[in-house]
1. Could you provide, to the nearest whole Å², the per residue accessible area of the chain with probe 1.4 Å?
2. What are the ³J(HN,Hα) couplings of segment 83-88, residue after residue, when phi is run through the Karplus curve with 6.51, -1.76, 1.60 and θ = phi - 60°? Round to Hz, x for glycine and proline.
3. How big is segment 123-248 on each of its three principal axes, counting only the C-alpha atoms and giving the largest first in Å?
4. If the only charges are +1 at each Lys and Arg Cβ and -1 at each Asp and Glu Cβ, what is the size of the charge dipole of the chain around the Cα centre, to the nearest 20 debye?
5. Which of these, 229, 61, 25, has the largest mean-square fluctuation under a Gaussian network model of the chain (Cα springs below 10 Å)?
6. What is segment 51-193's relative contact order, in percent, from Cα pairs under 8 angstrom and six or more apart in sequence?
7. Just reorder 207, 130 by solvent-accessible area, largest first, 1.4 Å probe, all chains present.
8. Want the number for residue 17 to residue 32: 0.36 nm per residue separation, take away the alpha-carbon distance, what's left?
Amino acid sequence: MRQVIIAGNWKMNASKEATNTLVMGILSGMADVKSKVIVCVPSPYMSQVEALAVHSQLNLGAQNLNINASGAFTGEISADMIKDFGAQYVIVGHSERRSLYGETDEIVAQKVQVTLDNNLTPLFCIGELLEDRESGNTQVVVSKQIQAVIDQVGIDAFKNIIVAYEPVWAIGTGVTATPQQAQDTHAFIRSMLAKHDADIAQTTPILYGGSMNPSNAAELLNCEDIDGGLIGGASLKAQDFLQICKAG
């Protein structure tokens, strides 16, 4: 039985005051949450969240990492820096990193490798653009993204990888894939992993990352192959985020 995982991606949204209010609000409602809960926060606020969440069931994650251990990479964050704040998770290959910052499948695969090599867990994001969906190429795009990582790290590494399927056309648009659309793609992802290792396919968590919110979370999480959510906007409101966490 795969545990439900709910991961909040704050993106570039935070202030010291807002972070304190949000984290304390989440913690106040965690007593009856059975899901694993992760918040992936902007790097300047990781120390603050680490302190607020100490001795709680709230897990800390980063939103990106550089493949290099250190050096002249202005503005970047390394795996050691992430671990220094007690974080265990890293979002890798988010669609915004791919589209805005030119991260290719090969770069994303390298980042997955570095994340794993440093005993961190990647939240490995995959997903198609609207034109891919409309042209019937969803499976082609998703297959290519997954295969790049399998080629880099091998199928066994998926024992320590969380996959997040995010249809790009449903991120921040208010448009959500229907539960059936989401389930169909999640089932395809699992079937692709199964071609390499059936046991790993059954144990790998696959999260849905396309505008999950309190009103649709329960229906989406009830789908056989949807094991949680990578939550954007709704993760910035404590009560909305908690509702999603409790839906699992």
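1. In whole numbers, the chain has 45 Å² accessible per residue.
2. Running phi through 6.51 cos²θ - 1.76 cosθ + 1.60 with θ = phi - 60° gives 5, 4, 9, x, 6, 10 Hz.
3. 40, 31, 22
4. So the magnitude is around 480 debye.
5. It is 25.
6. Taking the mean separation of contacting Cα pairs over the length of segment 51-193, I get 21 percent.
7. Solvent-accessible surface, decreasing: 130, 207.
8. Extra length from residue 17 to residue 32 when fully extended: 2.8 nm.
The values are calculated or read from the model by the stated rules, or taken from the named source; none is laboratory data. Values in this document were obtained by computation on a predicted structure and should not be read as measured data. Don't worry about glycine lacking a Cβ; one is built from the backbone with ideal geometry, like all the others, and counts go over all protein chains shown. Just so you know, the surface numbers come from the protein's heavy atoms only, side chains and all, with ligands and any DNA or RNA stripped out. Shrake-Rupley method; radii C 1.70, N 1.55, O 1.52, S 1.80 Å.
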